[in-house]
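Below is one structure; the comments refer to it alone.
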Amino acid sequence: MMRNLLWVCVVVCAALVQTTWPDFLKIQGVTPDLVLMMVVYFAIAEGEERAMFTGTLGGIYQDVASKAILGHNILSLVIVGYAAGRISTRLVTGHPAVKAGLVFLAGVAQGFLHTAIAYVQLPSATPVISTLIMVVVPASFYTALITPFIFVLLDRFFGGSAQPQGSAI
């Protein structure tokens, strides 16, 4: 019970920081996706179900806080959470480079899904290729760079009891 309450607080705080302090986090106009990082962390630590719940909770907050149509962030984060959870069972996720690589791939996938959904809804207003090159890839790279530091904090915060699913013990 207490662990679930802590999980909700961490995910909501990450979404809150990401949506209210984007200038604080910005480097060269690029902002990391903290909610995506939480989704991948919980995909590695606890599996796809917790990752999908994390994507739902963080996505709801992001959708409400943004001017976008409700559901874009939820759908893309839930799909990425499921995929990251399934993939993490087949990887040795104990090394920080593997975790950062998974976050990068998840960021690109989430950005692609989000951009594709926006394009389907309004094709004339969504520059797909330039959005992917100028926004999605740099944001995914920045998120992947800070991943090891945030994952260490999350491991300490959650007691480090969650063993990575795909790691060799």
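The values are calculated or read from the model by the stated rules, or taken from the named source; none is laboratory data. What you see is a predicted model; the values in this text were computed from it and never measured. So basically every Cβ, Gly included, is an ideal-geometry build from the backbone, and we count neighbours across all protein chains shown.
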Residue that is more than 12 Å from the chain's Cα centre (by Cα), of a type in the set (K, R), surrounded by fewer than 18 Cβ atoms within 10 Å (Cβ to Cβ) and over 19 Å from F141 (Cα atoms), where the choices are R86, R50: R86
State all residues of region 16-42 that are within 10 Å of the chain's Cα centre (by Cα) and not charged (D, E, K, R); if no residue qualifies, say none. P32, L34, V35, L36, M37, M38, V39, V40, Y41, F42
Out of the residues in region 114-165 that are surrounded by fewer than 16 Cβ atoms within 10 Å (Cβ to Cβ) and outside any helix (DSSP H, G or I), state the one that is modelled with the highest pLDDT. P127
If a residue has to be within 14 Å of S88 (Cα to Cα) and of a type in the set (G, A, S) to count, how many in region 30-76 make the cut? 4
Looking at region 7-29, is at least one residue of a type in the set (A, V, I, L, M) and farther than 20 Å from I146 by Cβ? yes
If G101 meets every condition in (1) buried (at least 16 other Cβ atoms within 10 Å of the Cβ); (2) at pLDDT 90 or above; (3) under 17 Å from P32 (Cα atoms) apart from one, which number is that one? (1)
Can you work out which of the residues in region 1-46 that are buried (at least 18 other Cβ atoms within 10 Å of the Cβ) and not in a helix (DSSP H, G or I) is modelled with the lowest pLDDT? T31
